Structure formats: structure tokens, C-alpha cells
Amino acid sequence: MRFTAEQRLDDGVLERAFTLGEIPGILWTPGSVSAPAPLILLGHPGGLHTMYPRLAARARHCAAEGFAAATIELPGSGDRPRSAAAEAARADLRRALAAGEPVTGEIVDRLVLPLVDRAVPEWRAALDALLPLPEIGGPVGYSGGVIAIGVRLAAVEPRIAAAVLYAGTFVPRALFEDARRVTVPLLVLLQWDDETNDRQSALELFDALGSEEKTLHANMGGHTGVPWFEGDDANRFFVRHLR
């Protein structure tokens, strides 16, 4: 991992861009905490440049509770090389949604499974690089989407102690087996009228998750209408489980 730029934000949070091999990422650390901070990995649907305002706001919200936060670019997003197969699957998904047709499992599998298979090892490599930093002390949480990535990561990565998952993307049925292996505390956010998600599948996934402590927050509204107070609830959830 190599740091490439840094800036001090107006609330004292230190923001540093880095590269992990060819993968770009960002690390935010709180400015007012002297002890090593627990780390929250910020999941997102891809495109660090486009997502930056939302990611930075989430990171600063985490820093207000004394947490460090980090994110990396997803495979095939931002400036990373595109996958022709993923682009074709994404086009089929958009055509189905635009026509009001059901999104088939075949389309979901073609789009999501290769992404999960590539992204999860990259997130684990990011943890390998971030946790030895003196300002990071663990434990680690995961927060955000793509939910299929979060489920697989929580199932296979023992350093993840708790996760907040956003049920805003399609999940292949094959990932339900991963869901049954998840045991860490979970908070799952679901937008009831999400136009880009299968509500019934999201509810079935929640039921399949193997954690003894799991909570579902369902709010009315579309994909981008997650209420602001859910960020506060997520912070309280991480305070309980990462300290």
C-alpha cells in the first residue's frame, strides 16, 4: 500500500488517498483521538470519484465517534479496467428494469457473482495493509453495499466483528449459503419501495443470515431515500460492537 495524497478536513479528520497495487482507496482517521481507532470498511456500489461526497460524509460521521474509515474502488468501476461480461449483464439488467420485467437469476448471477469473487479478496488484502498502521487498532466493521459483497466478507473474514448491510442490490441465490455462515451482529437497512431491488429476495436473505443478533430496519421510500437518522443508528450499533 502506498499513500498518494492527504488533506486535513475542516473537522480535523485526516483523509489520505492510497493505492493497493492498482486499486485506489481512501483512509479517513479522526483528528481528536490519540489511541488507535477501530476501523469501519465503507462499502459502496462503485465509482470512488462519483461516490466521494457520500463516502466522505459517512467517514466523517464515523470519525465523530472515534472510528477510522476506509474504502477501495470496486473491480470494473472508476478508472479500473472494465469487464465486457459485466457490462453486458448490466445492460440486460437495465433493459429488464426499464421494461418492467422480472430480473432473472441468470442476469443477477452474471453481474454479481464475478464481482463478489474479485472484490472480497481485495477487501481482505486492504485489511492486511490497513490494520498494521499505528493509528488503526481494530476491531473491524463493514458498512454499506453491495450487500452480496458484505455477506461474503462477513462469512469468510474473521476480522469483521459486526456489519451494517444495505439491502439495495440484487443477491444471487448462491450467496444464501454464505448468508447462513454469517455469525457476527448485523444491522440490515431496507428501503421498502426500492425500485432497483427485489424486496422479497431481500427479506428472504435476512431470514437466511445465520447471526443470532440481527436487526432489520425497513423504511418507506426508494433507493436513495435512506433516512438520515439511520446513520446515527449505525454509529450506535458500531459503538456497541467495536468497543
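Over 19 Å, how big is the tail of the calculated P(r) for the range 45-96, in percent of all Cα pairs?
On the way: 594 of 1326 pairs.
Cα-Cα pairs of the range 45-96 separated by over 19 Å account for 45 percent.
In what sequence, highest mean first, do 75-85, 154-164 appear when ranked by Cβ atoms within 10 angstrom?
Details: 75-85: 13.9, 154-164: 20.1.
With the highest mean Cβ count within 10 Å placed first, the list reads 154-164, 75-85.
Dipole size in debye (nearest 20) for the range 1-160 around its Cα centre, Lys and Arg Cβ +1, Asp and Glu Cβ -1? It would help to have the intermediate numbers written out before the result.
On the way: 16 positive and 18 negative charges, 22 e Å.
With Lys and Arg at +1 and Asp and Glu at -1, about 100 debye.
Ignoring everything except DSSP H segments at least 4 long, calculate the 222 nm mean residue ellipticity for the chain; use -39,500 (n - 2.57) per segment, divide by total residues, nearest 500.
-13000 deg cm²/dmol
Label ASP232 and ARG82 with points 7 Å out from Cα along Cα→Cβ: what is the distance between them in nm?
4.3
Out of all DSSP beta bridges in the chain, what portion is antiparallel? Express it as a percent rounded to 5. Mind showing how you got there, number by number?
Working: 17 of 41 bridges.
Rounded to the nearest five, the antiparallel share is 40 percent.
Using alpha-carbon positions, what is the distance between the centroids of the range 193-243 and the range 1-33, in Å?
Centre-to-centre distance over Cα atoms comes out at 27 Å.
Let me know the Kirkwood hydrodynamic radius for the range 1-129, please, with Cα pairs as the basis and the value in Å to one decimal. Each step should come with its number before you reach the end.
On the way: mean 1/r = 0.0620 Å⁻¹.
Value: 16.1 Å, from the Cα pair sum.
Using the alpha-carbon atoms, what tilt in degrees (0 to 90, nearest 10) does helix 84-98 show relative to the longest principal axis of the chain?
Rounded to the nearest ten degrees, it is 60.
If you plug each phi of the range 45-59 into the Karplus form 6.51 cos²θ - 1.76 cosθ + 1.60 with θ = phi - 60°, what whole-Hz ³J(HN,Hα) values come out, in order, with x for Gly and Pro?
x, x, x, 4, 5, 5, 7, 3, x, 6, 5, 5, 5, 5, 5
Ranked highest first by the average count of other Cβ atoms within 10 Å around their residues, in what order do 139-152, 12-25 fall? Each step should come with its number before you reach the end.
On the way: 139-152: 24.4, 12-25: 16.4.
So the peptides 139-152, 12-25, ranked by packing, come out 139-152, 12-25.
Rule-based calculations on the coordinates, nothing more; no lab input. The structure displayed is predicted, hence computed values, not measured ones. Ideal geometry is used to build each Cβ from the backbone, glycine not excepted, and the neighbour counts take in all protein chains shown.
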